[in-house]
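The values are calculated or read from the model by the stated rules, or taken from the named source; none is laboratory data. Given the structure is predicted, the values throughout are model-derived calculations rather than measurements. Heads up, the Cβs are rebuilt from the backbone with ideal geometry, glycines too, and the neighbour counts pull from every protein chain shown. Only protein heavy atoms, including side chains, enter the accessible area calculation; ligands, DNA and RNA are left aside. Shrake-Rupley method; radii C 1.70, N 1.55, O 1.52, S 1.80 Å.
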Amino acid sequence: MDDLNQATRELHQAWETREAARAWLAAFEAALASGDAQCLAALFHTESHWRDVLAFTWHMTPVAGAEAIAARLLAEQPRTQAHGFVLPEGRRAPRRAMRLGSECIEALYEFATALGRGAGIFRLSPTEDGTMKAWLLSTTLQSLNGHEERVGPNRPSGSAYSRNFGGDNWVDARRRAIAYDDRDPTVLVVGGAQAGLAVAARLNQLGIDTLVVEKWPRIGDSWRKRYHSLALHNSIHINHLPYMPFPPSWPTYIPKDMLGNWFEFYADAMEINCWTDTELASAEWDATAQRWQVRLKRGDGTERVLRPRHIVCANGVSSYPKVPDLPGLGDFGGEVIHSEGFDSGAGWAGKRALILGTGSSANDIALDLHSFGVHTTMIQRGSTTVVSINPSARLNEAVWNEPGSLEDADLVVASAPPPLVLRNYRAVVKRMMELDREMVEGLKRIGFKHDIGEDETGHQMKYMRRGGGYNLDAGSSELLIKGEIGLLQFDRIERFVAEGALLKDGSVVPADLLLLATGYYPQQELVRRAMGEAIAERVGPVWGIGPDGELNNMYKRTPQQGLWFIAGGLAQCRINSKYLALQIKAMELGQLGPLGS
Ligand SMILES: Cc1cc2nc3c(=O)[nH]c(=O)nc-3n(C[C@H](O)[C@H](O)[C@H](O)COP(=O)(O)OP(=O)(O)OC[C@H]3O[C@@H](n4cnc5c(N)ncnc54)[C@H](O)[C@@H]3O)c2cc1C
């Protein structure tokens, strides 16, 4: 009987939650249609946030405050014509959720615009008099009318090559598509790792002719060539590429070669046109033809010139290794290797290694060297955020652990406007510091400089702001604390000498190997080198946080027509590749002009 009562109560609560969400959404639609700013603003708490992803503004636009939200929504509505707001069946149902430390009703909804279909999230909480108001709204464009992705019920019939007796079969068609003997691709994607493959797969489903060029001989080499012991730092369920989830039999933390092989398989299965062993050498924008003139260097020494309308830079943050200017480096008698070129500690057993850097790669390499019996010392230059892979880093995976599909969880993640992202990270970091207290205190005891970010937002914002400065700890911290891996502060070093590092106190830390885990130049280095200073200048910073709190130039139109950027973790690439591909499609359809048009 008790169970029955409980079930009845739960059903009633679910009904109430749904009713509250439905009532708010109906009021929102009516207010939007009426054009009454006051009425619309009254549906939001004074402190509230809206993030639009393409649906209303064709940009990634955060707006804060009830009145500002209402004003902007109404300014965009005549062009957008958003209507038909519903709580869809078969997706995340409206639910009570804990967000940013307080309970709210969170609902996923869908709507239509003049151009396509949209989806979003809103979160409601009661005012003092019990009225439900929103403190978060997101609106995202999901598809363009008449140009829906060619998946599921829209899948191609295959009639062009299936049972085509006497004509081309599928392999012939694929060979012809990949050769580009008789045409130019509409989009050239530079880089065939997770960012490039994700966006190419999305563009394929929208019918955009796309070629991926990858400088390594095989797709997946970007992971295969990383150090021997590497496994991913995030657990598997947040790392899927679009359309094809990893097999359910795979391990929680995917080893690098397994991932590399999957990338190769994925490119083949998703029918992505790839040229490997091919590097973007130069690109010039032809404003008259509205196309790029691109020079590609192929591994066999030949060159090809192509004229795509768009270039998507998916060249990653590890194209050009950064080697700092170190005093006396030329005098060092041992071997100097950048982390990019490090494979395994196997050949260094019994030797002494200095690792310059205390980020994730430095720490993983230290673990690898130590495991092969290398006497290893890490040199710390700047303060570092250290977070345990498990349990702490997993706190950031919480949304993906909730019931519901990956797509719905991705929508929740895409809904977060920058101020709420910061607040969320601050709250998560507090919890992380409790979980990792012992490790962090141990590190501080041995003189390790530790921080949790300039505004206590931890490693996630360090990643967004500068792409490094943190370690997701896989076990090296314990070895540092126990003294099994040594720690040396960089400011104690006078200079490098033939035998190792000469310290300011006159002593020498001897070394046979100096491993530089000193990071890479950012993505715009490719722009500078291949497209020239003028375009690099016009585009400005790529990655890092811009004045509106969003990532600079990522996944959206840039000041250079036909130039796009994508990068980041697998989840970021999966989520944002969709929006990037939609913008290119809209441009090709003439529905979207260049930035500022
Ligand atoms: C130890 C470790 C663990 C990690 N764990 C995770 C994790 O769990 N989840 C996660 O999401 N991320 C993880 N990452 C981060 C991940 O490596 C990066 O986010 C990822 O590599 C970025 O992918 P990308 O496609 O943007 O760039 P990259 O992987 O750097 O790929 C860029 C590609 O572009 C090619 N390229 C560059 N320039 C040119 C050119 N001129 N012409 C042609 N091709 C070019 C390169 O060869 C390369 O293949 C981890 C990283 C490390 C080091």
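Rundown of residues vs (1) modelled with pLDDT under 95; (2) closer than 30 Å to Ser138 by Cα; (3) over 27 Å from the mean Cα position of the chain (by Cα); (4) within 15 Å of the ligand (Cβ to nearest atom), yes/no style:
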position	(1), (2), (3), (4)
Arg352	no, no, yes, no
Ile355	no, no, yes, yes
Asp364	yes, no, no, yes
Asp410	no, yes, no, yes
Lys449	no, no, yes, no
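Working only within the range 42-75, note down all residues that are of a type in the set (Gly, Ala, Ser) and in contact with a Gly (Cβ under 8 Å, 6 or more places away or on another chain). Show your work before the answer.
Step one: filter the range 42-75 for residues of a type in the set (Gly, Ala, Ser), giving 42, 48, 55, 64-66, 68, 70-71, 75.
Scanning the range 42-75 gives Ser48, Ala55.
Restricting attention to the range 288-314, which residues are assigned to a loop (DSSP other than H, G, I, E, B) and either surrounded by fewer than 17 Cβ atoms within 10 Å (Cβ to Cβ) or away from the ligand (no atom under 13 Å from the Cβ) (or both)? So that I can check it myself, show each step before the final result.
So the first thing to find is which residues in the range 288-314 are assigned to a loop (DSSP other than H, G, I, E, B), and the list is 288-290, 299-302, 307-309, 314.
Matches in the range 288-314: Thr288, Ala289, Gln290, Gly299, Asp300, Gly301, Thr302, Arg307, Pro308, Arg309.
So which residues in the range 315-346 are in contact (Cβ under 8 Å) with a residue 24 or more places away in the chain, closer than 22 Å to Lys256 by Cα and assigned to a helix (DSSP H, G or I)? First the steps, then the outcome.
As a first pass, look at the range 315-346 and keep what is in contact (Cβ under 8 Å) with a residue 24 or more places away in the chain: 315-324, 326-329, 331-340, 342-346.
Applying the additional criterion that residues be closer than 22 Å to Lys256 by Cα yields 315-321, 337-340, 342-346.
Selection gives Ser339, Glu340, Ala346.
Report whether or not Ala93 is part of a loop (DSSP other than H, G, I, E, B) and either under 16 Å from Thr17 (Cα atoms) or of a type in the set (Gly, Ala, Ser) (or both). Break it down into steps so the answer makes sense when it comes.
Values: part of a loop (DSSP other than H, G, I, E, B): yes; either under 16 Å from Thr17 (Cα atoms) or of a type in the set (Gly, Ala, Ser) (or both): yes.
Against the criterion (part of a loop (DSSP other than H, G, I, E, B) and either under 16 Å from Thr17 (Cα atoms) or of a type in the set (Gly, Ala, Ser) (or both)), Ala93 qualifies.
Could you figure out which of (1) open to solvent by 70 Å² or more (accessible area, probe 1.4 Å); (2) of a type in the set (A, V, I, L, M, F, W, C); (3) in contact (Cβ under 8 Å) with a residue 12 or more places away in the chain; (4) not in a helix (DSSP H, G or I) isn't true of Ala107?
All conditions pass for Ala107, except number (1).
When only residues in the range 160-187 that are touching a Ser or Thr at 6+ places or on another chain (Cβ under 8 Å) and outside any loop (DSSP other than H, G, I, E, B) count, which is surrounded by the fewest Cβ atoms within 10 Å (Cβ to Cβ)?
So, considering only residues that are touching a Ser or Thr at 6+ places or on another chain (Cβ under 8 Å) and outside any loop (DSSP other than H, G, I, E, B), the one surrounded by the fewest Cβ atoms within 10 Å (Cβ to Cβ) is Trp170.
Any idea which of Val527, Val539 is within 16 Å of Val190 (Cα to Cα) and open to solvent by less than 50 Å² (accessible area, probe 1.4 Å)? Let's see the steps before the verdict.
Working: Val539 fails: within 16 Å of Val190 (Cα to Cα).
Only one candidate passes the filter, namely Val527.
Looking at the range 469-484 only, could you name the residues that are on the phi > 0 side of the Ramachandran plot and either within 15 Å of the ligand (Cβ to nearest atom) or crowded, with 20+ Cβ neighbours inside 10 Å (or both)?
If we filter the range 469-484 for residues that are on the phi > 0 side of the Ramachandran plot, which is where we start, we get 469, 475, 483.
Residues satisfying the conditions are Gly469, Gly475.
Listed here are the residues, each with its yes/no results for (1) farther than 29 Å from Gln142 by Cα; (2) of a type in the set (Gly, Ala, Ser); (3) open to solvent by 20 Å² or more (accessible area, probe 1.4 Å).
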| position | (1), (2), (3) |
| --- | --- |
| Leu206 | no, no, no |
| Val213 | no, no, no |
| Arg218 | yes, no, yes |
| Asp221 | yes, no, no |
| Arg226 | yes, no, yes |
| Asn234 | no, no, yes |
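Residues Gly549, Gly540, Gly590: which one is away from the ligand (no atom under 16 Å from the Cβ), more than 26 Å from Ser339 (Cα to Cα), small (Gly, Ala, Ser) and in contact with a helix residue (DSSP H, G or I) (Cβ under 7 Å, 6 or more places away or on another chain)?
Among Gly549, Gly540, Gly590, only Gly549 is away from the ligand (no atom under 16 Å from the Cβ), more than 26 Å from Ser339 (Cα to Cα), small (Gly, Ala, Ser) and in contact with a helix residue (DSSP H, G or I) (Cβ under 7 Å, 6 or more places away or on another chain).
Within the range 395-417, can one find any residue that is in contact with a Pro (Cβ under 9 Å, 6 or more places away or on another chain), buried (at least 20 other Cβ atoms within 10 Å of the Cβ) and at negative phi?
Of the residues in the range 395-417, the ones in contact with a Pro (Cβ under 9 Å, 6 or more places away or on another chain) are 406, 417.
Okay, now just the ones that are also buried (at least 20 other Cβ atoms within 10 Å of the Cβ), so 417.
Okay, now just the ones that are also at negative phi, so 417.
Yes.
Would you mention how many residues in the range 58-92 are aromatic (Phe, Trp, Tyr) and at positive phi?
Looking only at the range 58-92, we keep the residues that are aromatic (Phe, Trp, Tyr), and these are 58, 85.
Of the ones still in play, those that are also at positive phi are 58.
The qualifying residues number 1.
Looking at the range 144-168, I want the residues that are basic (Lys, Arg) and have a partner that is open to solvent by less than 100 Å² (accessible area, probe 1.4 Å) and outside any loop (DSSP other than H, G, I, E, B) with Cβ atoms under 6 Å, at least 6 apart or on another chain. Which pairs are those?
Arg150/Gln205
Just a yes or no: is a residue in the range 512-524 assigned to a loop (DSSP other than H, G, I, E, B), of a type in the set (Phe, Trp, Tyr), in contact (Cβ under 8 Å) with a residue 40 or more places away in the chain and open to solvent by 20 Å² or more (accessible area, probe 1.4 Å)? It would help to see each step written out before you state the result.
Kept after step one, since they are assigned to a loop (DSSP other than H, G, I, E, B), are these residues of the range 512-524: 512, 517-519, 521-523.
Narrowing the set further to residues that are of a type in the set (Phe, Trp, Tyr) leaves 521.
So of that shortlist, the ones also in contact (Cβ under 8 Å) with a residue 40 or more places away in the chain come out as 521.
With open to solvent by 20 Å² or more (accessible area, probe 1.4 Å) added as a condition, the list becomes 521.
The answer is yes, given that some residue of the range 512-524 is assigned to a loop (DSSP other than H, G, I, E, B), of a type in the set (Phe, Trp, Tyr), in contact (Cβ under 8 Å) with a residue 40 or more places away in the chain and open to solvent by 20 Å² or more (accessible area, probe 1.4 Å).
Name the residue, out of His228, His233, that is more than 11 Å from the ligand (Cβ to nearest atom) and modelled with pLDDT under 95. Break it down into steps so the answer makes sense when it comes.
Values: His233 fails: more than 11 Å from the ligand (Cβ to nearest atom).
Unique residue meeting the criteria: His228.
Mind listing whichever residues of the range 51-83 are touching a helix residue (DSSP H, G or I) at 6+ places or on another chain (Cβ under 8 Å) and open to solvent by 30 Å² or more (accessible area, probe 1.4 Å)?
Result: Pro62, Ala64, Glu67, Ala71, Leu74, His83.
Quick check on Ile545: is it open to solvent by 30 Å² or more (accessible area, probe 1.4 Å) and either of a type in the set (Phe, Trp, Tyr) or out of contact with any His (no Cβ under 8 Å at 6 or more places or on another chain) (or both)? Even if it seems obvious, please write down each step before you answer.
On the way: open to solvent by 30 Å² or more (accessible area, probe 1.4 Å): yes; either of a type in the set (Phe, Trp, Tyr) or out of contact with any His (no Cβ under 8 Å at 6 or more places or on another chain) (or both): yes.
Yes, satisfied.
Can we say Val317 is under 23 Å from the mean Cα position of the chain (by Cα), within 11 Å of the ligand (Cβ to nearest atom) and crowded, with 16+ Cβ neighbours inside 10 Å?
Values: under 23 Å from the mean Cα position of the chain (by Cα): yes; within 11 Å of the ligand (Cβ to nearest atom): yes; crowded, with 16+ Cβ neighbours inside 10 Å: yes.
For Val317, the condition - under 23 Å from the mean Cα position of the chain (by Cα), within 11 Å of the ligand (Cβ to nearest atom) and crowded, with 16+ Cβ neighbours inside 10 Å - is met.
Quick check on the range 237-287: of everything there that is crowded, with 19+ Cβ neighbours inside 10 Å and assigned to a loop (DSSP other than H, G, I, E, B), which residue is nearest to the ligand (Cβ to nearest atom)?
Top of the filtered list is Asn239.
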